[in-house]
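Trainee: Starting off with a structure, shown below.
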Amino acid sequence: MLQILLAVFIGGGTGSVLRWLLGMRLNPLHHAIPVGTLTANLLGAFIIGAGLAWFNRMTHIDPMWKLLITTGFCGGLTTFSTFSAEVVFLLQDGRFGWALLNMAVNLLGSFAMTAAAMWIFSAAR
């Protein structure tokens, strides 16, 4: 059990630090769309799709790596709570169009990235 907790902890901490760095570096690039949050969500969606497809094929890999990458790293990297707060801030500022665009790009983009990664990494046999 301790190994499982450590895997999730290490992955989660690493993903969280990367999310923070992306936000600090990229969010100032656009006045309404938090580009760092979007990047974290799209990257996390792609990584989890790739990871799930890859681990599904590589059954000999220690399951601890799957926990570290999917539950830990991707869980720490992706930012549904931050995303939700940023949408609320846009709505509170009366920027309804930007809020809707932000929701659409984050949600549809994340689904597309996950599906693309699963397709790419399932086909790469």
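We did not get these values from a lab; they are worked out from the coordinates using the rules stated. Since we're looking at a predicted model, the values are computed, not measured. Every residue, glycine among them, receives a Cβ derived from its backbone with ideal geometry; neighbour counts consider all protein chains shown.
Trainee: Given axes a ≥ b ≥ c from the Cα gyration tensor, I'd like to know whether region 1-66 is rounded (a/c under 1.5), prolate (a/b larger than b/c) or oblate. Let's see the in-between values first.
Mentor: Numbers: a/c = 4.92, a/b = 1.89, b/c = 2.60.
Oblate.
Trainee: I need the Kirkwood Rh of region 10-125: take the reciprocal of the average 1/r across all distinct C-alpha pairs and report it in angstrom.
Mentor: Answer for region 10-125: a Kirkwood hydrodynamic radius of 14.7 Å.
Trainee: So, one more: Could you size up the charge dipole of the chain around its Cα centre, putting +1 on the beta carbon of Lys and Arg and -1 on that of Asp and Glu, and report it in debye to the nearest 20? Intermediate values should be presented prior to the final figure.
Mentor: Numbers: 6 positive and 3 negative charges, 48 e Å.
So the magnitude is around 240 debye.
Trainee: Towards the positive end of the charge dipole of region 2-123, with charges on Cβ (+1 Lys, Arg; -1 Asp, Glu), say which of 15, 99, 64 has the farthest Cα.
Mentor: 64
Trainee: Using the number of other C-beta atoms within 10 angstrom as an exposure proxy, rank 81, 110, 122 with the fewest first. Please report the intermediate quantities before stating the final value.
Mentor: Details: 81 8, 110 22, 122 15.
Least crowded to most crowded, the residues run 81, 122, 110.
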